[in-house]
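The values are calculated or read from the model by the stated rules, or taken from the named source; none is laboratory data. Note that the structure is predicted; figures quoted are calculated from it, not measured. Cβ sites come from the backbone with ideal geometry, for glycine too, and all protein chains shown count toward neighbours. Please note that ligands, DNA and RNA were not included when accessible areas were found on the heavy atoms of the full protein model with its side chains. Shrake-Rupley method; radii C 1.70, N 1.55, O 1.52, S 1.80 Å.
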Amino acid sequence: MNPRRKKRLTLALLVLAGLGLSITLVMYALRSNIDLFYTPSEILQGKGENHEMPQVGQRLRIGGMVMPGSVKRDPKSLQVSFKIYDARGAIAVTYNGILPDLFREGQGVVAQGVMEPGNVVNAIQVLAKHDEKYVPPEVADAMKENHKGPASAYVGNDKGNDRS
């Protein structure tokens, strides 16, 4: 192999190695910032064909309806606990902060936070649903599937996750 061709081959291999390393680092950074969306039943029973359960410490988003009668506020702080439910279960959520103005019992919400032991989500952000004009497709599908009846039909369906 002549020296000029060898030099080009070495340069091409170095460029490919650098590109591969860059892609690997970008994918690693993105993976640590992804928050997967779950419904309460997916947290309790698993998500997808493999029934993958979220792990303790995993960042996630949980969406559903605020269970009537479950909102408990600490009078001395901004600590609030409530349950988000769907047709197959309910998950306890704790949040320390000011809730959105549209937050109320029976309202659709999405809470972003970290999974804690005992199927409790420690939320760092709570978003209240404000209208029906735009809903992400996965949230719309989950709402259609899980909220076909009135809220009163689901009130007792918290599957032992009572963390008052």
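Structure notes:
- Rolling a 1.4 Å probe over the heavy atoms of the protein chains gives the range 51-93 an accessible area of 48 Å² per residue.
- At the listed q of 0.20, 0.25 Å⁻¹, the Debye profile of the range 10-97, built from one uniform point per Cα, gives log10 I(q)/I(0) equal to -0.98, -1.19.
- Under-5 Å amide H pairs with GLY64, H placed in peptide plane, nonlocal only: VAL109
- Estimated FRET transfer efficiency when R0 is 30 angstrom, pair GLN79-SER22 (beta carbons, to 0.05): 0.10
- Converting the Cα gyration tensor eigenvalues of the range 18-66 into ellipsoid dimensions via √(5λ) gives semi-axes, longest first, of 29, 12, 8 Å.
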